[in-house]
Amino acid sequence: MNLSESLYTALDSILANKMRSVLTMLGVIIGVASVIALMAIGNGFSEDITGQISSIGSNLLTISTDMEASGGYPALSMADVAALSDPLNAPDITEVSATVQSNQTVVFGGEEKNTAVAGITENTLSMSSLDEFQLGDGLTQNDIDLQSRVAVLGAGIASDLYGSEYPIGTQIKINGVSYEVVGVLEESGGGLAGDTDDTVYIPITTAQSRLSTSRTRDGQKAVTFITAQAAGAEQVEAAIEQVTETLREQHNIAYGEDDDFGIFDQSSLLDTINTVTASLTAFLGAIAAIALVVGGIGIMNIMLVSVTERTREIGIRKAIGALRRDILLQFLLESMMLSLLGGFLGIILGWAISMAAGAAFDLTMVIAPETVLLSVSFAAGVGLIFGIYPAWRASNLRPIEALRYE
Amino acid sequence: MIDVTEQTTEMMGANGRNATDTAVIQMRNITKSYEMGTQVVHALRGIDLDIEEGEYVAIMGPSGSGKSTLMNMIGCLDVPNSGAYRLGGDDVSALTSDDRARIRNRHIGFVFQQFNLLPRTSALKQVMLPLMYAGVSRGERARRAKEALELVGLGDRLDHRPDELSGGQQQRVAIARALVTQPSIILADEPTGALDTHTGDELMNLFDNLNQKGMTIIMVTHEPMVAERAHRTIWLRDGLIQN
Ligand SMILES: Nc1ncnc2c1ncn2[C@@H]1O[C@H](COP(=O)(O)OP(=O)(O)OP(=O)(O)O)[C@@H](O)[C@H]1O
Ligand SMILES: [Mg+2]
């Protein structure tokens, strides 16, 4: 008997026992569906996070004071910004901005909020990809030069303070002093240094003279952090080196002494987050794989039961001339076809679940082709592995005993 | 192993042209016993039996005398505990289980006492099955199966499954399945048991017919009228042949 006859016989038997076939497939259907759905969640999650981080702006270096090494003094000043902006010092850095950050009480009308207030240079917002405005405009170089009392609001703090009122042109009080609101940012949904949506932005010069008046060890007006843009992903390491050398020289740090600042780059953050999301996906995958194995054991159980239940049938087939190979192939093909069919139904179910869950919980669902391929081959493997033993048992039945089986 | 089987084919050709003087079935001192816990049941206690090619033999004997056990031995479904069995010149105990399966498929048509039809399978498919294991093409299978079913008067029941057929009809499906491969030996264990006199007579006529064409027929029966049709009758009692 050739392979196509065996296939035909297996298919015949699957169709002749629809209920048993569906029950056998159920484990694999559930297993594959959960693999597809869980992996879709995992992949979607990591894609979301990576997307958010790179939207903040890639290749950014954030430099802040290392309080322990600096002896309690802030270490950074506008002089450092100027030094880093000089291509002779840092050829791989294209842009530098500074921020003076503090928490302040912000008041408008009857509303009062304690929130972050960032004194910024003209390019701080655009470097952090915060350059979309709902209303009004950003801060100009003129505002910074003149220490103007003007403010740009994050979307969150704007709606907290104003509700449906129109903010542009109104006055808010920060630390008791009035500022004119000139712009409101679009919602950005996050940020690395605090929540950008809940931050109030004012000129850095104004912040330095009115809000955080701290000085560096040699008496310069301090800045909280400096942001430097590397020319490209490949230049990030060179840029970090150039920043370190320039600032050590600026701060007169002797050879062998520790830096009084720290450099934080996003690529390392991205790496960390990728590791985390990868292990999350692997974890979800492992759970799903267990579901598949359980499904496979289910197939083996039902196939074993089916071998017992069909002992007479096997006896009859052998009595009229079926070889061991014919019986082995029939049962093996039956279990493989069941698990493959279960695999395909599982993919459809998993896809449907992913789509429904994605729509219901507003999650991004990413069904990777590798996941589909993996679960189908897993399903086929499950059918093969867990089908072998029952098929082997069936093929080894002695015809006369099988015929007498009740 | 294939060689062995091919050789068998020649020796057992239905038209008997290659037949030798020696009997196609030769049994010497065949025994078979079953262990039931501590008790041992001796179903066959030393059978000596020769059946020539083209013979028509009836086996009779009381219930439990070992008739079905003997038929299973002849049909290569079971192997004896001791003794020698040569079928068409081949020592059956030296064959593998797959070799015996090929012999059952190509040379023997077995009509079981309990029919042994596949559940949930149409009459046509039942009868096609031995041909599938013989490697006959699908179209040819259907044609020959239909013919065999028509021969036993079931040409209008092709699509009926066993649970949709009467006992006598089921028995006739089993007979069609045994005949469809055109075996050289027919082994029928009480083939008329479930049939009325008329249908039973028709079946006996069919067997006469097949025997005249050269088929060896061995039949177990309880009815002396049926046994009369055979060339000779073998009497079995307590696992031994009586003379
Ligand atoms: N598988 C078995 N296990 C144990 N004992 C068995 C088995 N098969 C047959 N026997 C015993 O062997 C003896 C012969 O049985 P067998 O079926 O050959 O009888 P039979 O002549 O065909 O009877 P009947 O006319 O009722 O069909 C009986 O005593 C029976 O109990
Ligand atoms: Mg019997």
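The values are calculated or read from the model by the stated rules, or taken from the named source; none is laboratory data. These numbers come from a predicted model, not from an experiment. Methodologically, a virtual Cβ is constructed for each residue, glycine included, from the backbone with ideal geometry; neighbour enumeration extends over all protein chains shown. Ligands, DNA and RNA are excluded from the accessible area calculation, which covers all protein heavy atoms including side chains. Shrake-Rupley method; radii C 1.70, N 1.55, O 1.52, S 1.80 Å.
Out of segment B:36-54, which residues are closer than 22 Å to B:LEU240 by Cβ, surrounded by fewer than 12 Cβ atoms within 10 Å (Cβ to Cβ) and not polar (S, T, N, Q)?
Answer for segment B:36-54, where residues must be closer than 22 Å to B:LEU240 by Cβ, surrounded by fewer than 12 Cβ atoms within 10 Å (Cβ to Cβ) and not polar (S, T, N, Q): B:MET36, B:VAL40.
In segment B:77-91, what residues are within 18 Å of B:THR216 (Cβ to Cβ) and in contact with a Pro (Cβ under 9 Å, 6 or more places away or on another chain)?
B:LEU77
Scan segment B:55-68 for residues that are within 16 Å of ligand 1 (Cβ to nearest atom) and either open to solvent by less than 20 Å² (accessible area, probe 1.4 Å) or within 23 Å of B:LEU210 (Cα to Cα) (or both) and jot them down.
Hits for segment B:55-68 are B:VAL57, B:ALA58, B:ILE59, B:MET60, B:GLY61, B:SER65, B:GLY66, B:LYS67, B:SER68.
So the check is Cβ under 7 Å with 6+ separation or different chains; which pairs have a first residue in segment A:196-210 that's touching a residue at least 40 places away in the same chain (Cβ under 8 Å) and a second one that's in a helix (DSSP H, G or I) and among the acidic types (Asp, Glu)?
Qualifying pairs under 7 Å: A:PRO203/A:ASP143.
Pull up segment B:43-56, narrow it to residues that are within 16 Å of ligand 2 (Cβ to nearest atom) and not small (Gly, Ala, Ser), then point me to the one that is farthest from the other protein chains (Cβ to nearest Cβ).
Looking at the filtered set, the residue picked out is B:ILE47.
Condition first: facing chain B (nearest Cβ under 7 Å) and touching a Phe, Trp or Tyr at 6+ places or on another chain (Cβ under 8 Å). Now tell me which residues in segment A:318-333 satisfy that. Steps first, answer last, please.
Going residue by residue through segment A:318-333, those that are facing chain B (nearest Cβ under 7 Å) are A:318-324, A:326.
Scanning segment A:318-333 gives A:ALA319, A:ILE320, A:GLY321, A:ALA322, A:LEU323, A:ASP326.
Name the single residue that is nearest to ligand 1 (Cβ to nearest atom) among those in segment B:111-141 being within 21 Å of the chain's Cα centre (by Cα) and polar (S, T, N, Q).
Filtering first and then ranking leaves B:GLN113.
Just one of the numbered conditions (1) under 23 Å from A:LEU11 (Cβ atoms); (2) of a type in the set (Phe, Trp, Tyr); (3) open to solvent by 20 Å² or more (accessible area, probe 1.4 Å) is not true of B:PHE115; which one?
With (1) under 23 Å from A:LEU11 (Cβ atoms); (2) of a type in the set (Phe, Trp, Tyr); (3) open to solvent by 20 Å² or more (accessible area, probe 1.4 Å) applied to B:PHE115, the lone miss is (1).
A:GLY321 fails exactly one of the following numbered conditions: (1) at negative phi; (2) in contact with a helix residue (DSSP H, G or I) (Cβ under 6 Å, 6 or more places away or on another chain). What is the number of that condition?
With (1) at negative phi; (2) in contact with a helix residue (DSSP H, G or I) (Cβ under 6 Å, 6 or more places away or on another chain) applied to A:GLY321, the lone miss is (1).
From the list A:LEU341, A:LEU323, A:LEU332, exactly one residue is in the same structural domain as A:ALA282 (by TED's automatic domain parsing) and open to solvent by 60 Å² or more (accessible area, probe 1.4 Å). Which is it?
A:LEU341
Grab the helices (runs of 4 or more DSSP H) fully contained in segment A:1-116, keeping just those with 1 or more residues being within 14 Å of another protein chain (Cβ to nearest Cβ).
Result: A:3-16, A:18-56.
Hey, B:ALA230 hits all of (1) within 30 Å of B:ARG45 (Cβ to Cβ); (2) open to solvent by 20 Å² or more (accessible area, probe 1.4 Å) but one; which does it fall short on?
Among (1) within 30 Å of B:ARG45 (Cβ to Cβ); (2) open to solvent by 20 Å² or more (accessible area, probe 1.4 Å), B:ALA230 violates only (2).
Taking the condition within 17 Å of the chain's Cα centre (by Cα) and open to solvent by less than 10 Å² (accessible area, probe 1.4 Å), does B:ALA145 pass?
For B:ALA145, the condition - within 17 Å of the chain's Cα centre (by Cα) and open to solvent by less than 10 Å² (accessible area, probe 1.4 Å) - is not met.
Of all residues in segment B:170-187, count the ones that are away from chain A (no Cβ under 14 Å) and within 16 Å of ligand 2 (Cβ to nearest atom).
Counting residues in segment B:170-187 that are away from chain A (no Cβ under 14 Å) and within 16 Å of ligand 2 (Cβ to nearest atom) gives 1.
Within segment B:69-98, which residues are open to solvent by less than 10 Å² (accessible area, probe 1.4 Å) and in a helix (DSSP H, G or I)?
Correct list: B:LEU70, B:MET71, B:MET73, B:ILE74, B:VAL92.
Of the residues that make up segment A:327-336, is at least one more than 16 Å from ligand 1 (Cβ to nearest atom) and within 39 Å of the chain's Cα centre (by Cα)?
Yes: segment A:327-336 contains one or more residues that are more than 16 Å from ligand 1 (Cβ to nearest atom) and within 39 Å of the chain's Cα centre (by Cα).
What are the residues in segment B:54-83 that are of a type outside the set (Gly, Ala, Ser), in contact with a helix residue (DSSP H, G or I) (Cβ under 9 Å, 6 or more places away or on another chain) and under 19 Å from B:GLU228 (Cα atoms), if any?
B:GLU55, B:TYR56, B:ILE59, B:MET60
Every residue, every condition in (1) within 14 Å of ligand 2 (Cβ to nearest atom); (2) at the interface with chain A (Cβ under 10 Å from one of its Cβ atoms), yes or no:
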residue: B:ILE30; (1), (2): no, no
residue: B:PRO62; (1), (2): yes, no
residue: B:CYS76; (1), (2): no, yes
residue: B:ALA101; (1), (2): no, yes
residue: B:ARG106; (1), (2): no, yes
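Residue by residue through segment B:99-110, note down the ones that are in a helix (DSSP H, G or I) and either within 16 Å of ligand 1 (Cβ to nearest atom) or open to solvent by 20 Å² or more (accessible area, probe 1.4 Å) (or both).
B:ARG100, B:ARG102, B:ARG106
Picking from A:GLY315, A:GLY321, which residue would you name as being modelled with pLDDT of 90 or more and within 16 Å of ligand 1 (Cβ to nearest atom)?
Being modelled with pLDDT of 90 or more and within 16 Å of ligand 1 (Cβ to nearest atom) holds for just one of A:GLY315, A:GLY321, which is A:GLY315.
What are the residues in segment A:213-243 that are β-branched (Val, Ile, Thr) and open to solvent by 30 Å² or more (accessible area, probe 1.4 Å), if any? Before the answer, list the steps.
Here is the first cut: in segment A:213-243, the ones β-branched (Val, Ile, Thr) are A:213, A:216, A:223-224, A:226-227, A:236, A:240, A:243.
Of everything in segment A:213-243, those that are β-branched (Val, Ile, Thr) and open to solvent by 30 Å² or more (accessible area, probe 1.4 Å) turn out to be A:THR213, A:THR224, A:ILE240.
Somewhere in segment A:298-309, is a residue open to solvent by less than 30 Å² (accessible area, probe 1.4 Å), more than 30 Å from B:ASP78 (Cβ to Cβ) and in contact with a helix residue (DSSP H, G or I) (Cβ under 8 Å, 6 or more places away or on another chain)?
yes
Are any residues in segment B:128-140 facing another protein chain (nearest Cβ under 10 Å) and touching a Leu at 6+ places or on another chain (Cβ under 8 Å), and if so, which ones?
The answer is B:LEU129, B:TYR133.
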